[in-house]
Every structure is written in structure tokens, then in C-alpha cells.
1. For the chain, what is one quarter of the convex hull surface built on the Cα atoms, given in nm²?
2. Count the DSSP beta bridges whose two residues both fall in the chain, then state the antiparallel fraction as a percent rounded to the nearest 5.
3. Does anything in segment 516-534 have its amide N under 16 Å from the 7 Å Cα→Cβ label point of Asn556, and if so which residues?
4. What is the calculated FRET efficiency for Met583 to Asp358, with r their C-beta to C-beta distance and R₀ = 56 Å, to the nearest 0.05?
5. Show me, bin by bin at 5 Å from 0, the whole-percent P(r) of segment 248-326 based on Cα pairs.
6. Compute the distance from the alpha-carbon center of segment 450-497 to that of segment 547-600, in whole Å.
7. How do Leu133, Leu559 line up, fewest other C-beta atoms within 10 Å first?
8. Structure shown: which of Lys37/Lys365; Lys144/Lys184; Lys510/Lys548; Lys516/Lys557; Lys384/Lys409 lie over 24 Å apart, alpha-carbon to alpha-carbon?
Amino acid sequence: MSDKVNRKRLFSEFTPPSKADWIEKAKADLKGADFNKRLVWKNLNDVEVQPFYTLEERKSTLPDSGWNELEVINYRRILRHQKNKNQLAQKALAEGMTGILFEVGTSDNLEDLMQGLNPEEQVISFSLGEPDLSFCEQLSNYYKSLNADAKAIRGYVEVPSIGRYLTEGILKESTLDALASCTKTFSQYPNLKTLAVSGREYLDSGANQVQEIAFTLNSVVHVVEEMKKRDLEETIIYQNLHVILGIGSEYFVEIAKIRAFHSLMHLVAEKYGVEDPGYVLMARSSIWTKSVMDAHTNMLRATTETMSALLGNSQAIEIDPYDSEMGDPEDFSRRIAGNIATILREESYFGKVRNPVDGSYYIEKVTEQLAENGLLLFKEVEKKGGFFKGVETEFIQNKIALVRTTRVKLLSRRRKALVGVNKYPNLMERLNPEVLCKDISESSSKLLKPRRAGLELEVIRSKTEAFVADRGYRPVVEFASFGNLAMRKARAGFAFDFLGVGGYEMEEEKSYSSAKIAAETSASSSSDIVVICSSDQDYVDSALEFVKTFRAINTNKVLILAGCPDSVMEKLKDAGLDTCIHMRSDILDTLEFIHNKISKTSKTLKI
């Protein structure tokens with residue numbers, strides 16, 4: 001008997017374990033802890049992500065989720081105010097970029113922009129500051145003068161419409177007329193898209209992935225309906241759509257989002273009788289996930305976002321330089337942003353497999369759930385009158401505001417990490433205060449306001465920098481440790497990370513033989529903030545003595561306890577403890593309190 005037959009008989013004696021069997025085994029290992037609370041991830045899309053998936057849960061691949069291809073257009077944006085735009089475009093192409101996006105200003109000359117560029121070989125797109133049909137006419141005449149192959153001309157012309165309406169409240173009939181006229185002007189160029197619809201503003205204003213999918217679809221339907229009124233056929237409309245989605249840092253969910261959007265775009269197109277919509281889906285890195293604190297971490301975020309975009313089957317990408325939120329990007333940061341996609345495609349083999357995430361039960365399941373939830377929300381908006389009415393009644397804005405508030409709370413409570421912003425600060429960094437947000441002013445509730453997720457923490461950091469400018473020194477944090485070695489080290493480390501976000505001068509932990517000596521020494525030192533670090537039992541035994549001794553010497557310093565010993569907290573606060581920091585602490589509230597106190601009690605300007 002062959003070994004193969006023996007093996008077959010051997011394994012036939014075992015019953016394959018079901019998912020229920022695995023869950024029961026996991027529950028046993030959890031020793032009574034709730035399986036769903038401990039192991040099932042529930043994100044802000046009302047999608048429950050299981051810790052594992054089995055063959056019995058396998059789903060058929062969602063139809064029309066796109067194809068992953070090697071030739072993804074990698075755009076570099078030439079900003080409107082930049083000079084020597086043609087030279088910058090030439091440089092970008094020399095550095096390996098495959099697409100150029102010119103932001104067109106009123107003083108720009110088309111022939112100067114295009115000098116030395118070959119539209120038949122290079123993808124060249126244009127973003128207009130205003131719905132200027134004269135530029136469209138110039139561009140059309142320019143292409144005709146080249147006698148170029150009409151099918152070889154690729155890219156898009158962006159007439160500001162949906163994005164501007166969401167952020168500025170401007171959507172005139174003349175703008176929609178311009179969209180239709182631009183589409184007719186370039187009708188002979190099937191690969192030059194003229195109906196740019198941006199959904200990036202939703203993500204950058206704090207929306208979740210389901211909302212971005214649904215509201216972008218609503219935006220698309222609105223444009224389709226408006227173009228139909230202007231005598232454009234459905235097939236022509238869909239062939240001219242250039243849809244822009246933002247890409248966030250939730251790696252797998254973002255992959256699923258793009259795939260789900262592709263599928264729903266085809267589903268909606270079918271309702272218009274369009275079987276093969278020729279739209280282009282472009283992914284652009286989000287503002288929401290970026291930071292100006294420890295800005296180099298933006299390169300890591302941009303990398304995962306690019307990976308999500310490529311695996312999600314985007315046909316074009318635009319990755320912002322890591323310092324784009326700090327003013328004009330430098331040459332180095334622009335080069336790095338362009339290299340991310342190039343390296344992933346050429347060296348990591350992204351795009352060389354037709355659809356690499358097919359068959360991943362996890363991604364397939366999340367894609368299906370995002371598509372289902374997105375379709376439900378899309379239909380809800382349509383029943384309420386569609387995109388325009390949804391914005392005018394602020395239904396869309398209010399939905400996004402609820403999610404944005406939740407996201408900010410998760411960051412404030414450190415339930416979600418934003419490296420360099422609310423966790424793992426770069427203590428060696430000295431920020432230019434000008435790049436920090438100094439105030440979050442209220443804007444019209446009707447307008448979406450693209451922003452960074454960490455703005456509230458930036459405001460706190462800006463107060464620290466203003467303190468430094470006013471007083472001439474940086475507030476100093478001192479760690480006074482005593483008692484249990486393991487716990488005092490752990491809590492000092494936690495407090496170091498927690499308070500480091502505030503931009504303070506962080507001293508090394510100091511260990512003392514007793515609470516009394518620790519209190520006397522730290523109360524007499526030159527620090528502004530003192531953190532008590534020890535174990536709960538040491539707090540019960542000695543913390544009250546520490547606080548009383550400390551306050552007898554110094555009443556001005558901020559006194560914080562790392563931990564939260566409930567049994568003695570009331571007595572400690574009565575004795576003069578300012579606050580405590582622990583896993584449930586709100587970092588915004590804590591840093592705001594510290595700033596207010598040191599502003600009133602700290603030393604005057606040092607010379």
C-alpha cells in the first residue's frame with residue numbers, strides 16, 4: 001500500500017474542527033473572559049472583524065471589484081503657486097513619475113507648461129482653479145495641433161465642482177454647465193476624463209469608510225443626473241468619470257473599501273443601463289491621518305496607504321509628500337513620495353499579480369460588509385432626496401460629525417494610537433510653532449472641513465511652545481519613584497510617554513529610598529511638574545505622606561500620580577494631589593489642566 005493511501009486513511013480518522021470548536025477552545029484559553037469583547041474587533045463602520053475565519057465562512061468574490069495592474073498612474077502634483085512648472089514636471093518624469101498633475105493658475109501659459117512633454121507617452125492632467133472653459137478650448141486646440149492619437153491621450157481635467165461645494169458651499173449652475181461643455185469639448189479623447197468627482201473630502205473631515213463609499217456614490221449619481229439634463233448620454237458620462245477617494249491608515253479596511261466601491265459603482269452603472277463603465281478610480285493619501293508633530297512618520301503612513309491603494313485596485317494614485325501639511329514640500333519629500341509607489345511596484349511586485357487579495361477570507365468578508373453597509377447608507381440618502389438635498393439639510397455633515405467626534409475621543413483617550421501625536425512622541429523634536437494648529441475655530445456646520453486628526457493635541461502643543469516663547473524655558477517634568485521596582489519603572493515609562501506628548505522637557509526617572517525623601521527632594525527641585533511613580537500598595541502605604549510632605553514645601557508645582565488607587569484617591573486629592581494619569585485618562589483634559597496651572601504658578605522668564 002502506498003504512503004499516499006496510508007496518509008489518506010490516517011487523516012480520515014479525524015473530524016475537521018468547526019469554527020464553533022475553535023471558539024470554544026479560545027474561550028477556554030481566555031479563562032472566562034468574553035470572546036467578543038476580547039478578540040472581536042468592532043470598528044466605526046459597524047463591521048465586526050473576527051480573530052480568524054474558516055473555510056465554512058468563505059464568500060464568493062464580490063463582483064466587479066477591479067483588477068490589480070502594473071501600470072498604475074503615479075501622479076505628482078505641481079502646485080498652482082509654484083514657478084517653473086514645466087521644469088518641475090520634467091524633473092518628476094526623470095525621477096520615475098508616470099503622471100503629472102498641473103494646478104493651473106490664471107497666469108499659466110499652456111505651451112509653456114507642455115514644452116518638451118509628450119501627451120501620447122506621458123499622462124498629463126490639469127486641475128483648474130475656476131470652471132474656466134477658455135483653458136479647455138486651448139487644451140483641445142493644442143492636442144489637435146499635435147495630430148496626436150486620440151486614444152493615446154490620457155489623464156483628466158478637473159473642473160472644481162463637488163469638492164468645492166462640500167468645503168466652500170459653492171455649486172453654481174454655470175459650474176455644472178462647464179462640466180458638460182468640457183466633456184463635449186474632449187469627446188474625441190476617450191481616455192481623457194472630464195468629470196472629476198472627489199470623495200476625499202469626506203474621509204479628511206472624519207468620515208468612516210462606509211460613509212465615504214456611500215456619499216461618494218451619492219455625489220456620482222448627482223453628477224450623472226445633472227449631466228443627463230445637459231444632453232449627455234449615460235455611457236458617455238460614465239466613460240468620463242474620474243473618481244478620487246482618500247486613503248487612510250486602516251490597512252485592510254482601506255483595501256476592502258476600494259474594492260467595495262468598485263463593485264457598487266458597477267452596480268449603480270447597471271441601473272443606468274451601462275454595462276462597462278469606463279471610469280477611473282484614483283486614490284490620494286489623506287490629510288486626516290497626517291501630522292506635523294514627528295512628521296517623518298507620515299512616510300510610514302503614506303506607505304501603508306499606497307499599499308492599500310494598489311491592492312484595492314486603484315487605477316491611479318497621488319501620494320502627498322510627508323511635509324505637505326507644513327507648507328511647501330521640499331524636493332526630498334516629493335522624491336520620497338513618488339518613490340513609495342515605484343518601489344512597491346518594481347521591487348515588492350505589487351501589480352504583477354492579477355488580484356493578490358482574492359481568496360483572503362478576511363478581506364473578502366470586510367469588503368462584503370462595507371459594500372452592504374455602504375449601499376444601505378447610499379439608498380438612505382437617495383430616499384431623502386439625494387446628494388444635494390443631503391448636503392443642504394446637513395444630513396451628510398451631521399453623520400460625519402458623529403464619527404469625527406468619536407474618532408477624536410479615541411485619540412484623546414489613547415484608545416487609538418497616532419504615533420508622534422498622542423503616543424510615542426519624538427522628545428528630541430523642536431517644532432516650528434507656525435506649523436501647529438493654534439485654535440480650532442467653529443466653521444459653518446454646512447461645510448466640511450478637511451483637517452488632521454490630531455488638531456486638538458496640536459493646540460495643546462502650541463500652548464507649550466507659546467509658553468516657551470513667553471517664559472524663556474521649557475516646562476520640566478520630574479519623575480519621583482520609590483517602592484516596588486518593577487511597578488515604579490513601568491509607571492514611570494507610561495507617564496514619560498503620556499506627558500511627553502505635551503512638548504515638555506522630560507528628566508530621567510529618579511529613584512528614592514522612601515516616599516518622604518522623594519517628596520522633599522522633588523518639591524525643592526527646579527522642575528515644574530512632578531510625577532509620583534510606584535505600586536498601588538506603596539501608594540496605599542506612603543502616597544499620602546508623600547503628598548503632605550510635598551505640599552508643605554511647595555504649593556505651586558503640578559503634582560501628578562501615575563496610577564489610580566481608588567481606595568486613597570480622595571484623601572490624596574484633599575491633601576494636594578492635582579490629578580492622576582492612567583490607562584483611562586483623557587490626554588487632552590490632562591494636558592490642558594497642566595498648562596493652565598503652570599501658566600499661573602511657574603517661574604518668570606529665565607535669563
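A short reminder: the numbers here are calculations on the coordinates, not readings from a lab. In this text, all values refer to a predicted model and were calculated from it rather than measured experimentally. All Cβ positions, even for glycine, are placed from backbone atoms using ideal geometry, and neighbour counts span all protein chains on display.
1. Details: hull surface 144.4 nm².
Over all viewing directions, the chain projects a mean Cα-hull area of 36.1 nm².
2. Values: 2 of 49 bridges.
Rounded to the nearest five, the antiparallel share is 5 percent.
3. 522-530
4. Values: r = 40 Å, r/R0 = 0.71.
With R0 = 56 Å, the Cβ-Cβ based efficiency is 0.90.
5. Values per bin, smallest distances first: 3, 16, 23, 19, 14, 11, 7, 4, 3, 1.
6. First find each Cα centre; the distance between them is then 14 Å.
7. Values: Leu133 16, Leu559 27.
Result, fewest neighbours first: Leu133, Leu559.
8. Working: Lys37/Lys365 20 Å; Lys144/Lys184 15 Å; Lys510/Lys548 20 Å; Lys516/Lys557 17 Å; Lys384/Lys409 30 Å.
As for pairs spanning more than 24 Å Cα to Cα, those are Lys384/Lys409.
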